[in-house]
Amino acid sequence: AACSSSGPARPGSSTGPFVSPGGPEVTAAERRRGSGPLRQVRLTATESTLDLGGPKVRSWSYDGRLPGRELRVTAGDTLEAVLVNHLPEPTTAHWHGLTLRNDMDGVPDVTQRAIAPGAQFTYRFTVPHPGTYWLHPHTGVQQDRGLYAPLIVEDPKEPLRYDREWVVVLDDWLDGVDGSTPDAVLSELSAGMPSGAPGGRGSARHGDSGSDGGTPDMSGAPDMTDMPGMGAMGTATRGPSRMLMGAASGLLGGDAGDVAYPYYLVNGRTADDPQTFTAKPGERLRVRIINAGGDTAFRVALGGHRMTVTHADGLPVAHTAADSLLLGMGERYDVLVTAGDGAYPLVALAEGKNAVARAVLRTATGEAPGKDVRPAELARPPLTAGRLRAAPSVALPARRPDTTVPLRLTGGMAGYDWGFNGEKYDPARRIALRSGDRVRLSFRNDTAMWHPVHLHGHAFALPNGGPRKDTAIVLPRRTLDVDFDADNPGLWMVHCHNVYHAESGMMTLLGYR
Ligand code: C2O
Ligand code: CU
């Protein structure tokens, strides 16, 4: 245990404090959050026909929409969400990024029993703080069927000034209507990743941020396109995982016809029929960008505009200018832009895949940008989390960690045996933490692929005053240390947010009361 703890926690131990969901510590923590006005919503997870802006597909969604209807609440509200399951298999809802009460976290067999077909479950919790979040099932790879929705938590004392707001949800539509992966995708993937994506700067930057943790510097994201497996969803379709996907979606029928997979979507629409967002020239727009994809990092730019990043994973950062942004699966950024006079493409480049999702910002009449327009901003190095600094209001005060949990990311494409420390997820195995400790998760990526690691129930801090986040990219052969305070008792997941990696075993549980 290289970085073993100075505290009593025994990382990897299979016994230790077990918090039964809803135990007294969990309710006490919730009481401290208070309970504001009740906001009630109802979601139905159902098989439906979805119009992706041209192609119609048969898949699963919340209430027949893709993305699901936006939930918008205010920090401090009590959210009561009834989830009705009309799917042919069990489901749950996970409120990605919220530091909520543990028993509402939506992890099957850990924080709740999965909701059986035909049954429903009522989630009820205090929404702790403002920001851009989203929800998705935590059962198998259902998220990748189309079950996701944005969750926007407004700030009752919003400090930012803006005229309009735009929520941009990115997705990769990979396995299509019949639940299998088309051969075209398989052969594209087995052919390997294209090198030299737009804006590429070559692999010389690999060593830039060293291997001592710190900031994953993905500037010139060719860093990733060089790397076998960056964005290679197809790995999920080899060996055991192909069965996994089939099992998750095998009940769906449909006509694949002549459609070309995968699709890349902005707000559920393909690049052929993009959403148009209108504003007036000179208006300040807040754009909330969410990567809900199962297996794709997106590099996002708004042609003709510079963005000012204000939030990472929902929490404020020191305002930072960016030409383009890189979002791994599960990550969110909020940006401000001042609208120009014209029609501009918002383009999300699927890293390593030479394909785009897009939308249009229009502030004047005139020709819409063509489908193949790639904004010059995309060719410049994208901003990544490591370059950001937490806003003082949310910065984690410096403190030596009491406990360090080493988590080696292990596995590979050949065996599709993704895991932590060489082991697949086992819900009976919990890494025991002590309440009140400053905890360091020390990720070491021993694989040839990058992984967006996600922690439930907390916002960790990236090193050196970096942003508070819940999801962060760990590049191949790199390490990343993130710190958080154990101040939200319960059993909490840590996992890769590549849904196929997670499902194959790259998940583990932390627990304390
Ligand atoms: Cu968005 Cu455990 O996931
Ligand atoms: Cu992964």
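The values are calculated or read from the model by the stated rules, or taken from the named source; none is laboratory data. As the structure is a prediction and not an experimental result, all values here were calculated from the model. Glycine gets a Cβ as well: all are built from the backbone with ideal geometry, and neighbour counts include every protein chain shown.
Hey, can you tell me all the residues within region 502-513 that are more than 12 Å from ligand 1 (Cβ to nearest atom) and either hydrophobic (A, V, I, L, M, F, W, C) or buried (at least 23 other Cβ atoms within 10 Å of the Cβ) (or both)? It would help to see each step written out before you state the result.
As a first pass, look at region 502-513 and keep what is more than 12 Å from ligand 1 (Cβ to nearest atom): 504-505, 510-513.
Passing the criteria: Ser504, Leu510, Tyr512.
In region 430-449, what residues are within 16 Å of ligand 2 (Cβ to nearest atom) and either among the polar types (S, T, N, Q) or touching a strand residue (DSSP E or B) at 6+ places or on another chain (Cβ under 6 Å) (or both)? Please lay out each step first, then the result.
Just the residues of region 430-449 that are within 16 Å of ligand 2 (Cβ to nearest atom), to begin with: 441, 443-449.
Correct list: Leu441, Phe443, Arg444, Asn445, Asp446, Thr447.
Could you check region 104-140 and list, in sequence order, the residues that are in a strand (DSSP E or B), β-branched (Val, Ile, Thr), without any contact (Cβ under 8 Å) to a residue 60 or more places away in the chain and buried (at least 18 other Cβ atoms within 10 Å of the Cβ)? Explain how you work it out, then say what you get.
First, pick out the residues of region 104-140 that are in a strand (DSSP E or B): 108, 112, 115, 120-126, 131-136.
Narrowing the set further to residues that are β-branched (Val, Ile, Thr) leaves 115, 122, 126, 132.
When the remaining residues are screened for being without any contact (Cβ under 8 Å) to a residue 60 or more places away in the chain, the result is 115, 122.
Result: Ile115, single match.
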With the first residue restricted to region 389-406 and required to be outside the structural domain of Tyr333 (by TED's automatic domain parsing), and the second required to be surrounded by fewer than 10 Cβ atoms within 10 Å (Cβ to Cβ) and modelled with pLDDT of 95 or more, Cβ contacts under 7 Å at 6 or more apart or on different chains are none
A careful count of residues in region 118-169 that are within 16 Å of ligand 1 (Cβ to nearest atom) and acidic (Asp, Glu) gives 1
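Considering every residue within region 278-286, establish whether at least one is out of contact with any Ser or Thr (no Cβ under 8 Å at 6 or more places or on another chain) and in contact (Cβ under 8 Å) with a residue 24 or more places away in the chain. Explain how you work it out, then say what you get.
Initial filter on region 278-286 (out of contact with any Ser or Thr (no Cβ under 8 Å at 6 or more places or on another chain)): none.
No: region 278-286 contains no residue that is out of contact with any Ser or Thr (no Cβ under 8 Å at 6 or more places or on another chain) and in contact (Cβ under 8 Å) with a residue 24 or more places away in the chain.
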Checked against (1) more than 28 Å from Glu30 (Cα to Cα); (2) in contact with a Gly (Cβ under 8 Å, 6 or more places away or on another chain); (3) not hydrophobic (A, V, I, L, M, F, W, C), Gly490 satisfies every condition except (1)
Out of all the residues in region 328-337, is one or more more than 30 Å from Ser504 (Cβ to Cβ) and out of contact with any His (no Cβ under 6 Å at 6 or more places or on another chain)? yes
Taking first residues from region 444-471 that are modelled with pLDDT under 95 and second residues anywhere that are of a type in the set (Phe, Trp, Tyr) and within 16 Å of ligand 2 (Cβ to nearest atom), the pairs with Cβ under 9 Å that are 6 or more apart or on different chains are Met449/Trp418
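Just name the residue that is nearest to Asp417 (Cα to Cα) out of those in region 488-509 that are more than 14 Å from ligand 2 (Cβ to nearest atom) and in contact with a His (Cβ under 8 Å, 6 or more places away or on another chain).
So in region 488-509, the residues more than 14 Å from ligand 2 (Cβ to nearest atom) come out as 488-492, 509.
Those left that are additionally in contact with a His (Cβ under 8 Å, 6 or more places away or on another chain): 488, 492.
Values: Asn488: 31, Trp492: 22 Å.
Among those that are more than 14 Å from ligand 2 (Cβ to nearest atom) and in contact with a His (Cβ under 8 Å, 6 or more places away or on another chain), it is Trp492.
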Restricting attention to region 474-492, the residues that are farther than 23 Å from Gly415 by Cβ, outside any loop (DSSP other than H, G, I, E, B) and either within 16 Å of ligand 1 (Cβ to nearest atom) or among the hydrophobic types (A, V, I, L, M, F, W, C) (or both) number exactly 6
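Going by what's in this entry, would Trp95 be described as in a strand (DSSP E or B), aromatic (Phe, Trp, Tyr) and within 22 Å of Ala28 (Cα to Cα)? Can you show your working first?
Values: in a strand (DSSP E or B): yes; aromatic (Phe, Trp, Tyr): yes; within 22 Å of Ala28 (Cα to Cα): yes.
Judged against the criteria, Trp95 is a match.
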Whether any residue in region 459-466 is within 13 Å of ligand 2 (Cβ to nearest atom) and either of a type in the set (Val, Ile, Thr) or assigned to a strand (DSSP E or B) (or both) is what I want to check. no
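Taking region 435-444, which residues are in contact with a Ser or Thr (Cβ under 7 Å, 6 or more places away or on another chain) and either more than 14 Å from Asp483 (Cα to Cα) or of a type outside the set (S, T, N, Q) (or both)? Can you show your working first?
Going through region 435-444, the residues in contact with a Ser or Thr (Cβ under 7 Å, 6 or more places away or on another chain) turn out to be 437, 439-440, 442-444.
Within region 435-444, Asp437, Val439, Arg440, Phe443, Arg444 meet the criteria.
Quick one: is Asp402 touching a Gly at 6+ places or on another chain (Cβ under 8 Å), within 16 Å of ligand 1 (Cβ to nearest atom) and charged (D, E, K, R)?
On the way: touching a Gly at 6+ places or on another chain (Cβ under 8 Å): yes; within 16 Å of ligand 1 (Cβ to nearest atom): no; charged (D, E, K, R): yes.
Judged against the criteria, Asp402 is not a match.
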Checking Gly314, Gly294, Gly268, Gly328 in turn, the sole residue that is at pLDDT below 95 and in contact with a strand residue (DSSP E or B) (Cβ under 9 Å, 6 or more places away or on another chain) turns out to be Gly294
Restricted to region 462-482 and to residues being closer than 15 Å to Pro397 by Cβ and over 19 Å from the mean Cα position of the chain (by Cα), the residue surrounded by the fewest Cβ atoms within 10 Å (Cβ to Cβ) is Asn464
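Do we find a residue being part of a strand (DSSP E or B) and more than 16 Å from ligand 2 (Cβ to nearest atom) anywhere in region 415-427?
No, region 415-427 has no match at all.
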Taking region 420-451 and keeping residues crowded, with 21+ Cβ neighbours inside 10 Å and within 16 Å of ligand 1 (Cβ to nearest atom) leaves Phe420, Arg430, Ile431, Leu441, Phe443, His451
